Amino acid sequence: GFEKYGAVQVTPRNYYRLMQTGQDVMLFPGGAAEALTGNKSYPLFWPEKVDFVRTAARFNATILPLSAVGMVDSVNVLAEPKDFFDLPLIGERIRKQNANVSAARYDQKNEDEVIGFPIAFPKSPARNYFVFGKPIDTATIDPNDKEACARVYKQAREEQRRGLDDILRVREHDPFQSAAKRIAYEQVWGKSAPTFPVELLNEH
């Protein structure tokens, strides 16, 4: 399913080999639950394990947190995937189908990870915002130092959360947040509509 889009199952071996061959890796610590939620507060569902930091440190990789806001706001979500299990008649059938889909994480059972899209209706397309957080250098981190890796893991998570909160806060200052205004501007001027001043992201 997801492999045809370039995704690989999250296993220590796959992650290690990707890093070993010098490839850039886009990792979703929150997995499918985070990517497919309809919660407009953009919650993070990171696990307790810090393994990805330990592997990154082994190869002196730089962790670059990325926060993205917008896609969830382009739909009206009526039901989350996990809510399907409670539906009369079809809930059990959906549960069995979900159990046949390979979990994204190697250490998680298929039935424990809900893979599926929410029931949603599209609405006016929301503007998407992307913010890169402060790069985190792991060159000085000993991959065998669990406490140091845990601190970096916490730093990465907090940096991503900060990016999400900053976007949610300052996008209200975007004069072209409205799809209608944005499309009209771009049709007239033939270029992307401007957004909020980037300096606002650094104000607290």
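The values are calculated or read from the model by the stated rules, or taken from the named source; none is laboratory data. Quantities reported herein were computed from a predicted structural model and do not represent experimental measurements. With ideal geometry, Cβ positions are generated from the backbone for all residues, glycine too; neighbour counts draw on all protein chains shown. The area values use the complete protein model at the heavy-atom level, side chains included, leaving out ligands, DNA and RNA. Shrake-Rupley method; radii C 1.70, N 1.55, O 1.52, S 1.80 Å.
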task: Collect the residues in the stretch 159-204 that are touching a Gly at 6+ places or on another chain (Cβ under 9 Å) and either within 17 Å of Arg127 (Cβ to Cβ) or among the charged types (D, E, K, R) (or both), keeping them in residue-number order.
output: Glu159, Arg162, Gly163, Ile167, Arg171, Leu201
message: I need every pair where a residue in the stretch 162-190 that is touching a residue at least 60 places away in the same chain (Cβ under 8 Å) has its Cβ under 6 Å from the Cβ of a residue that is part of a helix (DSSP H, G or I) and open to solvent by less than 30 Å² (accessible area, probe 1.4 Å), sequence separation at least 6 or different chains.
response: Asp166/Leu201
query: How many residues are open to solvent by 40 Å² or more (accessible area, probe 1.4 Å), in a loop (DSSP other than H, G, I, E, B), over 30 Å from Asn76 (Cβ atoms) and not small (Gly, Ala, Ser) when one looks only at the stretch 22-56?
result: 5
- request: Working only within the stretch 150-204, note down all residues that are open to solvent by 90 Å² or more (accessible area, probe 1.4 Å), assigned to a loop (DSSP other than H, G, I, E, B) and charged (D, E, K, R).
  value: Lys191, Glu203
task: Take Phe59 and decide whether it is at pLDDT 90 or above, closer than 30 Å to Ala139 by Cα and open to solvent by less than 60 Å² (accessible area, probe 1.4 Å).
output: no
field: Count of the stretch 136-149 residues which are in a helix (DSSP H, G or I) and either touching a Lys or Arg at 6+ places or on another chain (Cβ under 6 Å) or surrounded by 14 or more Cβ atoms within 10 Å (Cβ to Cβ) (or both)
entry: 2
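For every residue, the table says whether it meets (1) of a type outside the set (A, V, I, L, M, F, W, C); (2) in contact with a helix residue (DSSP H, G or I) (Cβ under 6 Å, 6 or more places away or on another chain).
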| residue | (1), (2) |
| --- | --- |
| Pro143 | yes, yes |
| Ala148 | no, no |
| Leu164 | no, no |
| Glu172 | yes, no |
| Leu201 | no, yes |
